[in-house]
Structures are given as structure tokens and as C-alpha cells.
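The next block holds one structure in the form of C-alpha cells; read it before the comments.
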Amino acid sequence: MEQQKLPTVKQLQCFLAVAQTLNFRRAAQSLDMTQPPLSRQIQCLEETLGCAVLKRSTHAVELTEAGQILEQQARHILELLSQAVNHLQQTQNPLRIGLTDMLDLRYQPDIAALFHTPASGGKTLHHAPTSLPLLQRLVDKELDLAISVENALPDAALVYTPLHVEPLLLALPASHPAAALTAVSLEDIRDLPLFWFSRARNPALYDKYDAILKRRASRLIEMPQDRLQLLNAISSEQGVALLPASLCHIRFAGVTFRPLLTTDRTPFSVNVYLVQRREDERRQVADMVNRLVASTSNA
């Protein structure tokens with residue numbers, strides 16, 4: 001059986017560009033080509049189909065009846081082909097997404113669902129204790145996206161898209177008088193040192209609150225990186241700590257979590273960002289960014 005000759009993808013793309021603009025010059029510009037090659041693609045398409053799809057005059061371009069039918073079908077065909085290509089690319093080259101252990105995204109269900117459902121495409125998740133090493137790996141092209149607490153690595157090569165603002169809660173000994181309060185100020189806990197981290201771990205977050213904490217807290221001491229060790233120290237009245245709210249859903253004997261208010265009575269909080277490389281224009285990346293931003297906007 002003789003194989004039927006079919007239009008090429010390029011021919012369909014050229015036809016749709018003309019169908020959308022009804023102008024060969026603008027269509028050629030949108031395709032980054034000159035008019036003669038565009039005209040040849042349309043001519044070859046019409047020869048393959050055996051009918052005219054465009055009606056040309058010196059003043060206007062119109063779709064023929066066949067062209068109107070082809071426009072609908074061509075859009076559908078190219079969309080199906082694009083979906084197939086994206087699926088294969090995601091399967092062969094899954095997105096590498098960096099997640100910081102400073103957040104527990106299980107308590108952001110809309111975000112967590114996108115990371116763990118097959119419908120959102122192939123991906124591998126990479127964890128790090130803080131945001132900074134993830135962002136460094138993103139710059140080095142070892143990751144494709146990263147979730148960051150604050151703008152932890154200012155770099156012109158990175159784009160920060162806001163996802164949400166997460167409250168910081170005070171973890172304090174359940175035996176402390178301030179544990180009976182619904183919200184705590186720094187004055188209420190001046191008798192206990194505050195576990196705080198070094199600036200190298202997250203410069204942006206450190207700078208955001210360091211001045212007020214040094215001014216109001218009785219003493220700052222190095223925060224253990226191990227969370228269990230930190231909670232044990234708090235329960236034994238060795239100090240207090242600020243933790244993102246998503247890490248405070250656990251129950252730990254001897255530890256209570258309360259909102260901590262700044263001097264103007266506003267809660268402490270952190271900004272959470274989705275970060276990508278500015279140069280990365282892959283549709284796979286853009287789709288994931290759009291899904292994540294939409295999920296937090298609808299939350």
C-alpha cells in the first residue's frame with residue numbers, strides 16, 4: 001500500500017502563523033523567518049493537501065473553507081504532539097527539585113501534591129538542611145528548581161517567585177510561664193537564651209531579624225542543626241528557638257509552640273520562594289512554576 005503523504009510539522013506551524021495574523025509579513029516575523037520561505041511552506045502544504053487553504057489578494061489574506069477546517073485540526077494535532085514531546089522529555093529528564101528541611105511541605109498540601117503526583121510530570125526531590133546549598137546547586141545546574149526560605153543567595157542568574165509567607169513560631173519549654181500566653185514577646189522570655197543560627201546558613205533570614213533579636217534577647221547561642229537535639233535542649237529549659245510553623249505540628253514532650261511578636265506586635269515570619277535559573281526557558285520548568293504558583297494562589 002502506498003504511504004499517504006502528510007503535511008510536515010513546519011508546514012502546519014507556518015500555516016497557523018498565517019491563519020492567526022492573516023498577514024504574511026507578521027507571520028514571518030513571528031516565526032523568525034523571511035516571507036519567501038514562508039510562502040514556499042504554504043505552497044508545499046497546499047500541494048500535499050490538494051487544495052487551497054488561503055485566499056490571497058494584493059490587499060488581504062483569508063482562510064478558505066478548507067483552511068478553516070485545517071486550522072482547527074492543525075492546532076489540535078500540534079498540541080497533542082507537544083504533549084507527547086513534553087511527556088517523553090519529563091520521563092527521560094525528570095525535573096530536579098531542591099527542598100529545604102527548614103520547611104515541612106506536607107503541611108502545604110497543594111504544593112506537596114504537585115511534588116508527589118504523577119500527573120505533574122517526572123521529578124526527583126533533593127533535600128538539604130538549609131536553602132543556601134540548594135541554591136548553589138541550582139546555579140551550578142545540578143538542580144532545576146529550588147524552594148528557598150528568603151532570598152538566601154542574591155544572584156542575577158536566579159529568579160525568585162514568591163510562593164507564600166510562613167509564620168515563625170517560638171518553641172519554648174512547656175514549664176516556662178510564657179507557655180501559658182496565647183502570644184509571646186521577646187520581653188516575656190528574656191530569662192532564657194535564644195537558639196539562633198550563624199549568618200552563613202542563610203544570610204537573608206539572619207539579617208532580617210538579627211538586629212531585633214540581639215537588642216531584645218538576653219543571649220544568643222548556636223542552634224543545633226539536628227532538630228531532635230534542639231527540641232531536647234528546649235524541653236530541658238536550655239533555651240528557646242524560632243521555627244517555621246510547618247515544623248511545629250509535631251508534639252514533643254516538654255515543648256510548647258507559640259506565636260512570637262515583634263516590637264510593633266506583628267508576628268515573625270519568613271518568605272518562601274520558588275527559585276529557577278533566569279536562562280532556563282524549558283517548558284517543563286515553566287509548567288511546574290505555573291502549577292506551584294497557582295496552587296499557592298488558590299490556597
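The values are calculated or read from the model by the stated rules, or taken from the named source; none is laboratory data. The structure displayed is predicted, hence computed values, not measured ones. Note: ideal-geometry Cβ built from the backbone for every residue, glycine included; neighbour counts use all protein chains shown.
Please work out if Val275 is crowded, with 18+ Cβ neighbours inside 10 Å, touching a Ser or Thr at 6+ places or on another chain (Cβ under 7 Å) and assigned by TED's automatic domain parsing to the domain that holds Leu138.
Numbers: crowded, with 18+ Cβ neighbours inside 10 Å: yes; touching a Ser or Thr at 6+ places or on another chain (Cβ under 7 Å): yes; assigned by TED's automatic domain parsing to the domain that holds Leu138: yes.
Answer is yes for this residue.
Checked against the criterion of being in contact with an Asp or Glu (Cβ under 6 Å, 6 or more places away or on another chain) and closer than 30 Å to Arg96 by Cβ, the candidates Ala200, Ala204 yield just one match: Ala204. Selection of segment 14-35 for residues being in a loop (DSSP other than H, G, I, E, B) and either outside the structural domain of Leu78 (by TED's automatic domain parsing) or not polar (S, T, N, Q) (or both) yields Leu22, Leu31, Asp32, Met33. The number of residues in segment 180-199 being more than 11 Å from Val240 (Cα to Cα) and touching a residue at least 12 places away in the same chain (Cβ under 8 Å) comes to 8.
Filtering segment 76-99 for residues that are in contact (Cβ under 8 Å) with a residue 24 or more places away in the chain, surrounded by 12 or more Cβ atoms within 10 Å (Cβ to Cβ), basic (Lys, Arg) and within 30 Å of Glu150 (Cβ to Cβ) leaves a non-empty set. Tell me which residues, restricted to segment 167-178, are among the small types (Gly, Ala, Ser) and buried (at least 17 other Cβ atoms within 10 Å of the Cβ). Scanning segment 167-178 gives Ala171, Ala178.
Being within 27 Å of Asn93 (Cβ to Cβ) and outside any loop (DSSP other than H, G, I, E, B) is a property that holds for Ala146. Close Cβ contacts (under 7 Å, 6 or more residues apart or on different chains) running from residues in segment 33-45 that are surrounded by fewer than 12 Cβ atoms within 10 Å (Cβ to Cβ) to residues that are among the basic types (Lys, Arg) and not in a helix (DSSP H, G or I) are absent.
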